[in-house]
Amino acid sequence: MTRAAALSLASALLALTAAPAHAEGEPQTRCGKEALDILKEAIEVPTVAGRGNVPKLAEKLKARFLAGGFSEKDIAFTPVGETGYMTVRYPGRDRKAKPLVVIAHMDVVEAKPEDWERDPFTAVIEDGYIFGRGSDDDKSGVAIGSAALLELKRQGWVPSHDIVFGISGDEETAMASTKAMAQTLSNADLVLNIDAGGGLLSTDNKPLFFGVQAGEKTYADYTLTMSDAGGHSSRPGSVDVIAEMGAALDAIWKHKFTPRLSPLTKAYLEGSAAQVADPKIAKAMRDFIADQTDAEAIAALSAEPEWIGVIRTTCVPTMIEGGHAPNALPQSVTANVNCRIFPGTSRDEIKAELAKIVANPKIAIAFKDNGTLESIESPLDDKVMAAVTKAVHENVPGLAVIPNMSAGATDSMHFRSQGIRAYGVTPTYMRSEDSFAHGLNERLPLATLDPGVKQMVSMLKSLAQ
Ligand SMILES: [Zn+2]
């Protein structure tokens with residue numbers, strides 16, 4: 001990242017906020033500054049699974065909400081093992097109405113300091129960015145959600161019905177806290193997730209579109225195993241379990257699942273066709289919407305890693321372990337196949353399809369339960385889309401707002417599986433080349449904080465006025 005590029009990023013987004021230009025892109029509004037303070041504080045609590053730090057971060061957040069006028073009885077932390085979830089209730093005029101729930105997560109993916117250029121658990125501000133594990137995923141969501149609620153409280157605003165900020169503590173791993181939180185908040189009218197969706201900037205920092213995540217694919221792992229008596233490698237018989245597993249995995253890799261279209265993916269492809277740079281891909285999207293058996297369109301979209309998953313279920317071999325000595329016929333082999341299943345297809349149906357593809361009765365296939373759920377799409381609610389569009393346009397007039405389906409799995413699935421509508425509306429704008437969530441040197445452009453909090457405040461006001 002050069003200084004010139006950082007400056008153009010800063011000015012591109014600062015222009016949206018009517019704030020005076022600032023060399024480093026640092027927030028100029030009170031709530032944007034508060035979001036940055038919360039984000040810095042949150043990055044410095046290493047909430048990696050197993051370190052028991054989530055309650056510490058919840059304590060720090062609680063102190064901020066208390067100082068901001070929220071009452072003690074409206075703030076709760078519920079332990080779940082070494083982690084837990086936090087709820088902050090913003091009382092509305094009608095206390096009996098179903099609450100509007102906003103969600104984010106406090107935990108982060110592991111980060112090894114020796115691999116990073118800067119310490120991952122120190123908030124470093126450099127060249128218009130804030131660096132650190134969680135700066136994007138999802139401590140930015142925690143910070144922006146908190147700053148928006150604190151700003152609304154400061155304004156003296158009272159929502160029509162309760163708003164509850166639910167912050168989970170193991171979204172990146174077991175999602176046990178999410179599951180418990182979703183049960184506690186099962187009377188939610190609607191969920192806004194600040195850990196999905198969001199704005200995309202071009203390489204030269206121009207906003208391209210804002211995505212609203214209204215569905216995600218079902219995550220599923222299957223364990224394939226095969227065993228045999230083995231024997232001396234100098235005396236091969238007719239069976240080698242590694243070779244047979246290899247053939248099975250190759251067949252899975254080459255298999256193409258039936259292309260599908262849903263109301264959500266139709267809206268996603270329609271919106272994207274107007275945005276993608278490659279006219280061949282845009283045409284393929286339109287042709288596929290018109291005819292889901294159009295072989296040319298299917299081939300064009302399937303050749304793109306970004307689009308193959310939008311039109312079909314995908315399954316790929318991801319891990320393998322087998323054999324016990326270099327000079328022995330293998331006695332066993334185990335492989336993991338990871339699938340991202342199109343919403344509406346069950347995990348059992350995919351298991352049956354895998355068995356057909358493998359076509360080897362000696363290979364056992366078992367679904368590996370890791371707590372993820374079968375996903376359903378949320379309907380594209382007019383009121384929600386209007387509120388999001390209004391909030392987006394206050395920052396960037398006329399920007400395209402495109403519903404999307406993600407590859408899974410976010411906290412939203414625990415609400416959608418209960419029939420609660422959930423929409424990913426992360427109000428930050430980033431270039432795809434700056435997206436390092438889960439990776440090294442994770443960062444967030446500082447210039448996205450002012451408009452981000454403003455967008456969140458606007459969405460909440462529209463949906464609970
Ligand atoms: Zn996340």
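Miscellaneous remarks
- Length added when fully stretched, ALA366-ARG51, from 0.36 nm per residue minus Cα-Cα: 110.3 nm
- Spin-label proximity, SER462 to the stretch 366-393 - amide N less than 19 Å from point 7 Å beyond Cα toward beta carbon: 378-393
- For the stretch 50-161, the Kirkwood estimate of the hydrodynamic radius, built from every pair of different alpha carbons, is 15.8 Å.
- When the residues SER378, SER227 are ordered by accessible surface, computed with a 1.4 Å probe over the protein chains alone, the sequence from largest down reads SER227, SER378.
- Taking only the C-alpha atoms of the stretch 403-461, the Rg (one decimal) and the largest Cα-Cα distance, Dmax (whole number), read 13.9, 37 Å.
- Restricting the calculation to alpha carbons of the stretch 218-368 gives Rg and Dmax of 19.3, 62 angstrom.
- Sorting TRP157, TRP253, TRP307 by accessible area puts them as TRP253, TRP157, TRP307; the probe is 1.4 Å, largest comes first, and only protein heavy atoms count.
- Whole-number percent relative contact order across the stretch 218-368, with pairs defined as alpha carbons under 8 Å at least 6 apart: 43
- With the Kirkwood sum run over all distinct C-alpha pairs, the stretch 92-135 has a hydrodynamic radius of 13.6 Å.
- Inter-label distance, LYS112 to ALA355: 4.0 nm, where each label sits 7 Å from its Cα along the C-beta direction.
- One decimal place: the segment GLN275-SER234 gains 8.8 nm when fully extended, by the rule 0.36 nm per residue minus the C-alpha distance.
- Extension gain from MET319 to LYS73, taking 0.36 nm per residue of separation minus the Cα-Cα distance: 83.8 nm
- Ranking PRO361, ILE144, ILE420 by how far each Cα lies toward the positive end of the dipole of the chain (charges on Cβ) leaves ILE420 at the top.
- Taking Cα atoms only, the orientation of helix 382-395 departs from the longest principal axis of the chain by about 60 degrees.
- Only protein heavy atoms count here; on that basis, with a 1.4 Å probe, HIS393 has an accessible area of about 60 Å².
- The chain: angle of helix 3-17 to the longest principal axis, Cα-based, in degrees nearest 10: 60
- Average 1/r across all pairs of distinct alpha carbons in the stretch 329-465, invert it, and you get the Kirkwood radius: 18.7 Å.
- Short-range pairs are left out: with C-alpha atoms under 8 Å and at least six residues apart, the relative contact order of the stretch 45-187 is 33 percent.
- Ranked order, ARG347, ARG30 - accessible area, probe 1.4 Å, largest first: ARG30, ARG347
- A quarter of the convex hull surface defined by the alpha-carbon atoms of the chain gives 24.0 nm² as the mean projection.
- In the context of the full protein assembly, ASP228 retains an accessible surface of approximately 60 Å², using a probe radius of 1.4 Å and ignoring ligands and nucleic acids.
- FRET efficiency for ALA328 and LYS254, using Cβ-Cβ distance with R0 set to 22 Å, rounded to 0.05: 0.15
- Taking the stretch 118-208 and dividing mean pair separation by its residue count, relative contact order in percent (alpha carbons under 8 Å, at least six apart): 18
- Above-threshold pairs, the threshold being 21 Å between Cα atoms, out of LYS254/LYS351; LYS254/LYS356; LYS266/LYS383; LYS283/LYS383; LYS60/LYS179; LYS33/LYS390: LYS283/LYS383; LYS60/LYS179; LYS33/LYS390
- Per-selection Rg to Rh, the stretch 187-259 - Cα, Kirkwood hydrodynamic radius: 1.30
- Ellipsoid fit via the Cα gyration tensor, the stretch 318-365: semi-axes of 28, 13, 6 Å, each the root of five times an eigenvalue, largest first.
- Modelled FRET efficiency - R0 22 Å, VAL158 with ALA63, Cβ distances, 0.05 increments: 0.40
- In the chain, the longest principal axis of the Cα atoms and the axis of helix 263-273 are about 80 degrees apart.
- Accessible-area value, PHE209, 1.4 Å probe, nucleic acids and ligands omitted, Å²: 50
- Antiparallel bridges, percent of DSSP beta bridges restricted to the chain (to nearest 5): 65
The values are calculated or read from the model by the stated rules, or taken from the named source; none is laboratory data. Just so it is clear, the structure is predicted and the values come from calculations on it, not from any experiment. Positions of Cβ are backbone-derived with ideal geometry, glycine not excepted, and every protein chain shown enters the neighbour counts. Accessible surface areas use protein heavy atoms only, side chains included; no ligands, DNA or RNA. Shrake-Rupley method; radii C 1.70, N 1.55, O 1.52, S 1.80 Å.
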